[in-house]
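Some notes on the structure that comes next.
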Amino acid sequence: MTAEQYLAARLRRALAEDPRTTELGVRVTVRGDNVLLSGDVACAERRDELEAVIHEVAPELTVLDDVRVVPAGEPGGREELR
């Protein structure tokens, strides 16, 4: 593993273990001084908390945020199974 892969694994673990985020579905990619976050979360607050955790763990990195907010709610209609 490269140093970038170890750092990405450390950041993924921080996102999974921090009580503000407990996030397993966000991808973390480190390239040089940048960290790219990508995936889907349920609200904008969660996306902001992801960035906050990354800044606390690795303040030297620039966060590139490609996380989409996809609200999780009740289904809008009937689902037909065939």
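Each reported figure results from applying straightforward, stated rules to the coordinates on display, with no laboratory input. What you are looking at is a predicted structure, and each value in this text was computed from that prediction instead of being measured. Cβ sites come from the backbone with ideal geometry, for glycine too, and all protein chains shown count toward neighbours.
Descriptive notes on the structure:
- Principal-axis tilt of helix 44-57 within the chain, Cα atoms, nearest 10 degrees: 20
- FRET E, pair R68, Y6, Förster distance 22 Å, beta-carbon r, rounded to 0.05: 0.25
- Adding -39500 (n - 2.57) for every DSSP H run of four residues or longer, then dividing by how many residues the chain holds, sets the calculated 222 nm ellipticity at -11500 deg cm²/dmol.
- In this simple spin-label model, placing a label point 7 Å from the Cα along the Cα-to-Cβ direction at both V57 and R82 gives a separation of 4.3 nm.
- Relative contact order (%) - the chain, alpha-carbon pairs under 8 angstrom, separation at least six: 27
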